[in-house]
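The values are calculated or read from the model by the stated rules, or taken from the named source; none is laboratory data. Note that the structure is predicted; figures quoted are calculated from it, not measured. No Cβ is skipped: glycine too gets one built from the backbone with ideal geometry, and neighbour counts run over all protein chains shown.
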Amino acid sequence: MKNLSLLASSTHRSLERSFARALLFVLVGIFSLAGLSAQSDAGPREKFILQAEDQLRITFPGAPELDSELQVRRDGVISVPIVGEIMAAGKTPSELEAELEGKFENQLVSNEVMVVVVQSYFTYYLEGEVASPGIIRSFRQLSVLEAIIAAGGINKTTGKLKSVVVIRRQGDKYQRYELDLAAVIDGKKDSAFVLDSYDIVSIPQRVW
């Protein structure tokens, strides 16, 4: 009986060690996958897109005499010493850096370029049943609801939140979006419609 008891105890300890090792392998696998996921999510994600009227600082560590501050023109172009005009609007700062480095590759010993956005405005036009229709300028992108609030809010007596219209220019055409902001305010929708610069927001009048 004593031998059987010792055998059972030994078997139990062996099973415990096997289970512990299996659990350890599972946990290691989970943490490894989590680590890979964290690494993939932690990489730089530059979402800022240059646009007209952005104020840029362009510096050349290898040729500081070329350093300059300039503004993106209304046509989206900047004029850079030596290489001339370059389309900046629609690019991220890092994409513009890469293009400038390519342009200066045969011009400088060190073609390293740094592009910093000094100032940026987002311009929106609001018309219709808001307290202060007109132009809204912001240092950051706004959702349509935020833009309405920035314009003093909707006229609660005459304004209609169920069919707010956003008009966006895309090339030589206009795209029209109709939004139900009443559903957003009531909590029935949770997605924000983020405005692009120069979007037109129209708040219609309530029909009695």
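To keep it simple, each residue is scored yes or no on (1) assigned to a helix (DSSP H, G or I); (2) under 21 Å from the mean Cα position of the chain (by Cα); (3) of a type in the set (Val, Ile, Thr).
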site	(1), (2), (3)
74	no, no, no
85	no, no, no
90	no, yes, no
95	yes, yes, no
102	yes, no, no
108	no, no, no
112	no, no, no
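For region 175-192, a residue qualifies if it is assigned to a loop (DSSP other than H, G, I, E, B) and within 15 Å of residue 154 (Cβ to Cβ), and the qualifying residues are 180, 186. Only one of the numbered conditions (1) over 30 Å from residue 71 (Cβ atoms); (2) part of a loop (DSSP other than H, G, I, E, B) is violated by residue 140, and that is (1).
Taken as a whole, the structure leaves residue 135 outside the set of residues that are without any contact (Cβ under 8 Å) to a residue 24 or more places away in the chain, surrounded by 14 or more Cβ atoms within 10 Å (Cβ to Cβ) and not in a loop (DSSP other than H, G, I, E, B). The numbered conditions (1) modelled with pLDDT of 90 or more; (2) within 30 Å of residue 141 (Cα to Cα) are all true for residue 102 except (2). Looking at 203, 185, just one residue is among the β-branched types (Val, Ile, Thr), at pLDDT 90 or above and out of contact with any Ser or Thr (no Cβ under 7 Å at 6 or more places or on another chain), and that residue is 203.
If I go through region 170-208 residue by residue, how many of them are free of Cβ contacts under 8 Å to residues at least 24 places away in the same chain and in contact with a helix residue (DSSP H, G or I) (Cβ under 7 Å, 6 or more places away or on another chain)?
1
Would you pick out the residues in region 151-174 that are surrounded by 12 or more Cβ atoms within 10 Å (Cβ to Cβ), in a strand (DSSP E or B) and out of contact with any Phe, Trp or Tyr (no Cβ under 6 Å at 6 or more places or on another chain)?
Filtering region 151-174 down to residues surrounded by 12 or more Cβ atoms within 10 Å (Cβ to Cβ) leaves 151-155, 158-169.
From what is left, the residues that are in a strand (DSSP E or B) are 154, 159, 164-169.
Result: 154, 159, 164, 165, 168, 169.
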